[in-house]
Amino acid sequence: MLKQFEEKMEKSLESLEGEFTNIRAGRANPNILNKIKVDYYGVPTPLQQVGNVSVPEARTIVITPWEASLLKEIEKAIICSDLGLNPNNDGKSVILNFPELTEERRKELAKDIKKKGENAKVAVRNVRRDANDFLKKQLKANEISEDEEKDYEDKVQKLTDKYVDKIDSAVENKSKDIMTV
């Protein structure tokens, strides 16, 4: 009966983890390119579908397009994105160098991570509220007894606590990752 609410809580956690992959920690992570679309003959196409993305060194990503004519489009897409990276073009590939993060930037990112974590917790608590509303409607319609409602409310609270703990843990791990020099 509570499976649908647990799935929603799980989606909130997955969404948070997805957002975390887009936060760069000073190391080259090809996942930060996931949202970048390149104009491929008038069609916005994901960057990974127009070329090979590799990480030859810890702070470098190399994008080698399938077609040489896409070099300029890839550069333009990266510049227009909010990644704050300057692409270099060597005639065959686009090279992205990741600068060392400053202490100030690390603290900014850690704050942003905490904010995203709080938003995820709010989403989980909203699911809890929806679940409790659902239980109250079930009780009014005499589909469950008061004792069953209390049992289910306890289960919903335990689920909420479990996902809030998972979110806290994810935030803590990502913050540690960011603050590690």
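The values are calculated or read from the model by the stated rules, or taken from the named source; none is laboratory data. The model shown is predicted, which means the values in this text are computed figures rather than measured ones. Virtual Cβ from ideal backbone geometry, glycine too; neighbours counted across all protein chains shown. Heavy atoms of the whole protein, side chains included, go into the accessibility calculation; ligands, DNA and RNA do not. Shrake-Rupley method; radii C 1.70, N 1.55, O 1.52, S 1.80 Å.
Worth pointing out:
- Separation of the range 74-97 and the range 117-160, taken as the distance between their Cα centroids, equals 48 angstrom.
- With respect to the chain, whose longest principal axis is taken over its alpha-carbon atoms, helix 3-21 is tilted by about 30°.
- 14 Å beta-carbon shell around Lys92, net charge (K/R +1, D/E -1): -2
- Comparing Gln157, Ser175, Phe5 along the charge dipole axis of the chain, the residue lying farthest to the positive side is Ser175, per the Cβ-charge model.
- Longest segment of the chain lacking GluC sites (Glu not before Pro) that sit in a DSSP loop with at most 12 other Cβ atoms within 10 Å: 1-66
- Whole-number accessible area per residue in Å² for the chain, which is evaluated in the context of all protein chains at 1.4 Å: 60 Å²
- Residue list for the range 148-181, given a label point 7 angstrom along the Cα-to-Cβ vector of Thr102 and an amide N cut-off under 14 Å: none
- Expressed as a whole percent, the accessible area of the chain that falls on carbon and sulfur atoms is 49 (1.4 Å probe).
- Net charge of Cβ neighbours under 14 Å - reference Thr45; Lys, Arg +1; Asp, Glu -1: 0
- Loop chymotrypsin sites (Phe, Trp or Tyr not before Pro), the range 1-77 (other Cβ atoms within 10 Å of the site Cβ: 12 or fewer; DSSP): Tyr41, Trp66
- Added length on full extension, which subtracts the Cα-Cα distance from 0.36 nm per residue, Lys115 to Lys11: 35.7 nm
- Helical contribution to [θ] at 222 nm, DSSP H n ≥ 4, -39,500 (n - 2.57), averaged over the chain, rounded to 500: -20000 deg cm²/dmol
- Calculated P(r) tail over 24 Å for the range 1-105, as whole % of Cα pairs: 32 percent
- Counting every alpha-carbon pair across the range 109-181, the share separated by more than 21 Å comes to 42%.
- Pairwise Cα inverse-distance average, inverted: Kirkwood Rh of the chain (Å): 19.1 Å
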